[in-house]
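Here the structure comes first, spelled out in structure tokens, and everything after it is commentary.
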Amino acid sequence: MLMTKQRRPAFRTLRGWAINVLNEAGAIRECEEHGWMQDRADPHARERAFDIARRDPPADVSRQAVEAAIRDALDSIGDTCPECPPDEEDRL
């Protein structure tokens, strides 16, 4: 039986690739209602994302560049959806 490695879809930007890796690792999730990415604040998932990035970077991209792309993407994603109303607990 011929086995092939499943490949990730091609991305136009390194940022798009980094967001896909973070999503695949479970470090971020999409707001079900509005589609905004949200940081799950899970340190284990973040470390999995860095492991995936180091193990399977895009072609011709250095290890330092993929780690920086993951960090930059994480820094740009908040933990709440900007369109969702705040929880009652957050307003007190």
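The values are calculated or read from the model by the stated rules, or taken from the named source; none is laboratory data. Since the model is a prediction, treat every value here as computed from it, not as a measurement. Backbone-built Cβ (ideal geometry, glycine too); neighbour counts: all protein chains shown. With ligands, DNA and RNA removed, areas are computed over all heavy atoms of the protein, side chains included. Shrake-Rupley method; radii C 1.70, N 1.55, O 1.52, S 1.80 Å.
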Query raised in the report: Working out 0.36 nm times the residue gap between Glu83 and Ser62, then minus their Cα-Cα distance, what length gain in nm do you get to one decimal?
Result: 4.0 nm
Requested in this report: Starting from the residue with the highest accessible area, list Asp39, Asp79 in decreasing order, probe 1.4 Å.
Outcome: Asp79, Asp39
Query raised in the report: What's the FRET efficiency of Glu24 with Ser76 using the Cβ-Cβ distance as r and R₀ = 22 Å, to the nearest 0.05?
Result: 0.80
**Report entry** Ile28 long-range amide H proximity, modeled H, under 5 Å
**Finding:** Asn23, Arg40
